[in-house]
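We did not get these values from a lab; they are worked out from the coordinates using the rules stated. Everything quoted here is computed from the prediction, not taken from an experiment. Cβ placement follows ideal geometry from the backbone for every residue including glycine, while neighbour counts extend to all protein chains displayed.
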Amino acid sequence: MLRSKFKTAAIALTAAAGLVAGSSASAKGTVEVLHWWTSGGEAKAVSQLKKMLEEKGYHWKDFAVAGGGGESAMTALKSRVISGNPPGAAQIKGPAIQQWGDTGMLANLDPVANKQHWDKLLPPVVSKVMKYDGHYVAVPVNVHRVNWMWANPEVFKKAGAEIPTTWDEFVKAAKKIQDAGMIPVAHGGQAWQDATTFESVVLEVGGADLFRKAFVDLDPKALGGDQMVEAFRRLKVIKGFTDKDAPGRDWNLATAMVIKGKAGMQFMGDWAKGEFSNADMKPGKDYICKPFPGTAKDFTFNIDSFVMFKQSGANQDAQRAMAETIMEKKFQILFNKLKGSIPVRPDIDMSQFDTCAQESMDDFQAARENNTLVPSMAHGMATFPAMQGAIYDTVTNFYNSDQSPEQAAKELAKSVSQAEPSGI
């Protein structure tokens, strides 16, 4: 029924596209952009794209929907598309791009991709995600590493603790910070944040092999096995090192706790670095970036991207100008420095980036060579939204209940097997 609504909306969209283009506020066209980059560092980063596009004479209409995981933004997008009035561009990523492609409403970006030689510029692991039925329908903005730990060295110094690189070292350090009267782990009790921490724990417990079997292949034995039981057990250990006010906290507020020295560390993707940069803090001095303890040789990636919905006339020109701008070296450098991520283009000199970004790029390349590069489940890169939702629900239910690790692993395998990857 929902798929039928999208087909109906597609017909309405085709008829309306010309009218929208003709009534554009700018002679060179308008692109309305749906995104969820609303925190300090993120907002600064996306403002660079808006500025560069407007310098080319196009109009940027902002459609920002707050919420770090993007769930609210996707709800808003579905409503707009069903009504036959989608934005020109929307922040969509991973397997969800394929589902949106099934609606027949996405614009073909091959003209821009061919002009800029995307097939040569982009690593296959990136370009594959951006295509539907062999054609580019999305443009990648960056590559994020998810399995990061952010630490305040002053908190560790006060507690007499060392920055951890293994699970046992983490437990030891967290206990010292807690005994010193401070919060060991800053966390926001939201489903996507619970899942972000959990997938790093799974990576630590079973490496890239377990991660792929569980979150990409959706293997019931991996989802319900002994290693997953251990991952759930360790997740609950981490919860014991968070504070009572964590439920509902936004991720950037948790980052602020580390910045202000109220907490020792946070497990979050490298978009958190944008918050440290926004606070004029320097990596290696004011804060420490390290892979989640025990995952130094692994790299969980999240690729932000924009999908374009079919437009015509001047608004189509604006869309293509936006896609072209995103892939330009100037934007890749400016944006990723502010966002905390690394460029999708491999031909950019990383010496102009900070040490965290340089380490991230080195680890990304090494993980590609060693087959330890895995798509983030928590951030929509590994599987379809329905399966991701089932994992979210199971993890958060466990995190906020007295359920045993054994029960949680059993429930995880069951809930994922029952999830249907139906349309958008």
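Data table
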quantity	calculated
Over the chain: helical MRE at 222 nm, DSSP H runs n ≥ 4 each giving -39500 (n - 2.57), nearest 500	-16000 deg cm²/dmol
Rounded D (µm²/s) - the range 176-235, Kirkwood Rh over Cα pairs, Stokes-Einstein at 10 °C, 1.306 mPa s	126
Per-pair calculated FRET efficiency, R0 = 56 Å: residue 404 and residue 55 via Cβ, rounded to 0.05	0.45
Electrostatic dipole magnitude of the chain [Cβ: Lys, Arg +1; Asp, Glu -1; Cα centre; debye, to 20]	680
Per-residue ³J(HN,Hα) for the range 261-277, Karplus 6.51 cos²θ - 1.76 cosθ + 1.60, θ = phi - 60°, Hz, x for Gly and Pro	x, 7, 9, x, 7, 9, 9, 7, x, 6, 5, 4, 4, x, 6, 5, 5
If the convex hull is drawn through the Cα atoms of the chain, its volume per residue in Å³	128
Neighbour-count ranking [beta-carbon atoms within 10 angstrom, fewest first] of 377, 257	257, 377
Radius of gyration and maximum dimension Dmax of the range 231-350, Cα, Å	18.5, 56
Ascending count of other beta-carbon atoms within 10 Å, so fewest first, for 168, 286	168, 286
Spin-label pair residue 162/residue 110, simplified geometry with 7 Å Cα→Cβ offset, distance in nm	5.7
